[in-house]
1. Considering A723, A738, A705, which residue is open to solvent by less than 20 Å² (accessible area, probe 1.4 Å), touching a residue at least 60 places away in the same chain (Cβ under 8 Å) and over 25 Å from Q772 (Cα atoms)?
2. Could you list, in sequence order, all residues of the range 362-411 that are small (G, A, S), under 16 Å from Q341 (Cα atoms) and touching a residue at least 12 places away in the same chain (Cβ under 8 Å)?
3. Taking the residues in the range 76-88 that are touching a Phe, Trp or Tyr at 6+ places or on another chain (Cβ under 7 Å) and open to solvent by 10 Å² or more (accessible area, probe 1.4 Å) as candidates, determine which candidate is farthest from P117 (Cα to Cα).
4. Of these, G231, G242, which one is under 18 Å from the mean Cα position of the chain (by Cα) and among the small types (G, A, S)?
5. List pairs: first residue in the range 503-516 and free of Cβ contacts under 8 Å to residues at least 40 places away in the same chain, second residue in a helix (DSSP H, G or I) and β-branched (V, I, T) anywhere in the structure, Cβ distance under 9 angstrom, at least six positions apart or on different chains.
6. Could you list, in sequence order, the residues of the range 631-680 that are assigned to a strand (DSSP E or B), farther than 25 Å from N700 by Cα and either touching a helix residue (DSSP H, G or I) at 6+ places or on another chain (Cβ under 6 Å) or of a type outside the set (A, V, I, L, M) (or both)?
7. Would you point out which residue out of L492, L456 is outside any loop (DSSP other than H, G, I, E, B), buried (at least 16 other Cβ atoms within 10 Å of the Cβ) and either at pLDDT 90 or above or hydrophobic (A, V, I, L, M, F, W, C) (or both)?
8. Of all residues in the range 581-613, count the ones that are at pLDDT 95 or above and in contact with a Phe, Trp or Tyr (Cβ under 8 Å, 6 or more places away or on another chain).
Amino acid sequence: MTLPEHRPELLAPVGGLAQLEAAIHAAADAVYFGLDRGFNARVRAEGIPWNRLDTVMQQLHERGMRGFLTLNTLVFDEELTEAERHIRHAARCGVDALILQDIGIVRVARHTAPGLPLHASTQMSITDTAGVEFVRSLGIERVVLGRELSIDDIAAIHAQEAGIEIETFVHGALCVSYSGQCFSSEAWGGRSANRGQRAQACRLPYGLVVDGGQREQGDLNYLLSPQDLMGMPWLPRLIRAGVRSFKIEGRLKGPGYVAATVRAYRQALDHAWQALQTKPALAEIPVETGTRRELAQLFSRGQDAAHDGLSAGFLFGPRHQELVIGRNPRHRGLHLGQVEQVTREGVLLTLHNPLKPGDGVVFDNGDPQNKEVGGNVYRIDRDGERVTREIDTGMVLLRFGRGFDIARVQAGDHVWRTRDAATDSGPRLGAAIDAGRLIVDVEIRGRANEPLRLSLSDRRGHRTTVQTADRLQPAHKRALDQDAVRKAFGQLGDTPFRIGRMELAVEPGLFLPLGAIKQARRQLVAGFRQALHVHHRDADMPGKPVLDALSPKPEPLGRASPAGLTLLCRTAEQVEAALALPGVDPIILDFLEVHGLKLSCEKVRQSGRRLIVAAPRILKPGEERLLRYLLRLQPHALLIRSTGLLWRLQRMGGTGSRFDEDTRIPELWGDFSLNAANRLAAMSLLDAGLARLALTHDLNADQIAALARALPATYRDRIELIAHHHLPIFHTEHCVFARFLSTGNNYRDCGRPCESHQVHLRDPKHKDHLLQADIGCRNTLFNAEAQSAAPLLERLRDAGIRHYRIELVDEPGNRVADIYSGYRSLLAGTTDSVTLWKRLAAIPDANGDPQGVGLGSFAAREEPKKRDMKKPTAR
């Protein structure tokens, strides 16, 4: 694969003005940030002040940097006006791109600021070529691919779709769930991960319940907590795979983290780029021990001596025995060793990482959810002598000051350096002061009887030229020479610029007052600064708000149509029970086992019922055969769960068109995972050829009803409500079955325990959540408690919604009739919601325990304010 013409970009996280300064001094190429007001302020990062955005963008542009504004959340109907205001403000202030998740907001941005570049957030869950093509069709110029893609996956996508820039995360925290597909915060905290309000339920301890009994886990309790990503060694391979922007995670972390992490990756990326010029097949660069230690100390979820908390993530595909170890969910620092002996004087251990007096340590006995023993090291002894400097080897005795509870320290405890005393004074910015200045070239040219011409230019094509007010005249005494011109022009030390090359071409024997050169230099610098700060002026934007033109005109609700009820089954037993009931039509099948799915499909078709088959939420390069298999099951409809799949089938002609010689494309239904949160997104997806669409689970019942009322009848009639289900709280590439029930790393060597065991994860409140693997071996964790819209159905029907769905998870087959007939009776008006609610609350799960029932995400709850949300552990 050929190398790109220019070095890839390094993109730094910014959560406020202090992080911005750190990113500038560490020589990032670009930064990404949120704002501190409006709907986007619900994101926990502090953000850039609204009223300083123009100044910040000017500061960035003067240093040759770019700034991207994150609007990568789902936006509700009532927030669309505010979203358009954000977009206009960003364009006027010179923001270089918007990072977006919501396809409705993509439409607003395209019409509001046509010249403003748009990037697709990783929250869009883009994992294949078709998904990239979909966002490119929306006018997106860059896509941030899912963190779960391997280097080979990225290369495959780039090879097929080179017309869009690819950005990937290269360092920082990994979400266990696919971004955009996490509903744990919605289920348990009344907040939304799709709105930047993550409750971090993935970092909780869980019990492993296998076939009804809890397994002994030792100290491996954090089953869903991945180590962080460190892709530094494989930058050359990523560049060759087509990555054009490397993104560092960490908008919630402090300026010290930003400064040190960006500085380390700046050096590594420059080294990788330079090495590739002479060794284009280079796959890896070495990472110095000191660099890795520094990054681990800054932030890493260390597990033990062999796992420092920094991993390759999914860059080489699933490695389930390496990504999630399970000992610890939070920042640790550097692993120093394990306690060998506790004496009256202190603690004995053998060091394998650096430590010095004054550093902070913690003792880890495998129970991190409880308060651990820790403190500052008062004194270190080695070989009977006091140590006053930093050391990283040898048997040492650690001594602590008064108040340290040494009685709680035990032999075998892991010891971590959580704080480096040398960095307590704050981030080191000054050492790289020149790195934050833009390199410019200077040209100064002059001939007799003409003004002196001065030019500034950079390597991105910006150029400004001015000329002196006075003309060059023959010198009567001392003529200008190169040293005099250089001295008059200066070194630009009082500007954001640094001279890279200066070219002088002035005829000899001429004179010009030095003051005239200095005056022209001031004009040149001012003009160049202005040229760098490009605004998307009002001329590029419509004078009036675009929302009215994009939104449908409200239509009065017509006469209520009979409500339809669809049943989704996940086991053969549930299918058998459904077929035994009259009128259950259509039936959706969402199975793990390929063989079992085929047999159940045949039974549904033979019964004369309409068959709908659910497609996976995620498809990666090389998994196209799975789609062919599903279509050959001859369903009446395919339940679409990704925009890439929708785009692919529509490009082939959509419903009724041939997929191949033997198969036609059936009717297409859109699922909740498409994340339609507002009327514009819903209309865009329905216009893409969907016969039905379930809205995102981020909407409550009032919002769903209001959205339905706002749609024209032809759109409203195709909205489907998932009235009963267990919220799919995590959808993840990490396989708990493989990690904790096998020694394998993927489906080739794990023995497929998912096909022979039923697994639940028990949370700290002793709720058991069903874990299932899909056909692509991805895990979904379902909420223990069922979520029901039963008390709200009358209100939702009044809003014009006429399609309803029941989704079963692990309900026994003998309770299918209770659930289905109960909702059918409620929709027919022959029973009431209170009666149905009591029936639903008593239904057991596969382990025989009552599941319980609640309103879940249907409940209207006020979103927590940024200031009220607990910040995650971060430095």
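1. A705 is the lone residue from the list that is open to solvent by less than 20 Å² (accessible area, probe 1.4 Å), touching a residue at least 60 places away in the same chain (Cβ under 8 Å) and over 25 Å from Q772 (Cα atoms).
2. Listed by number, the residues that qualify are G394, A411.
3. The residue in question is E79.
4. G231
5. Here the result reads L514/V485, each pair linking the range 503-516 to a residue that is in a helix (DSSP H, G or I) and β-branched (V, I, T).
6. R658, F659, D660, T663, R664, E667, listed by residue number.
7. Testing whether each residue is outside any loop (DSSP other than H, G, I, E, B), buried (at least 16 other Cβ atoms within 10 Å of the Cβ) and either at pLDDT 90 or above or hydrophobic (A, V, I, L, M, F, W, C) (or both) leaves just L456.
8. Residues flagged as at pLDDT 95 or above and in contact with a Phe, Trp or Tyr (Cβ under 8 Å, 6 or more places away or on another chain) within the range 581-613 amount to 4.
The values are calculated or read from the model by the stated rules, or taken from the named source; none is laboratory data. On a predicted model such as this, the values are computed, not experimentally measured, just so you know. Heads up, the Cβs are rebuilt from the backbone with ideal geometry, glycines too, and the neighbour counts pull from every protein chain shown. Remember, those area values only see protein heavy atoms, side chains included, never the ligands or the DNA or RNA. Shrake-Rupley method; radii C 1.70, N 1.55, O 1.52, S 1.80 Å.
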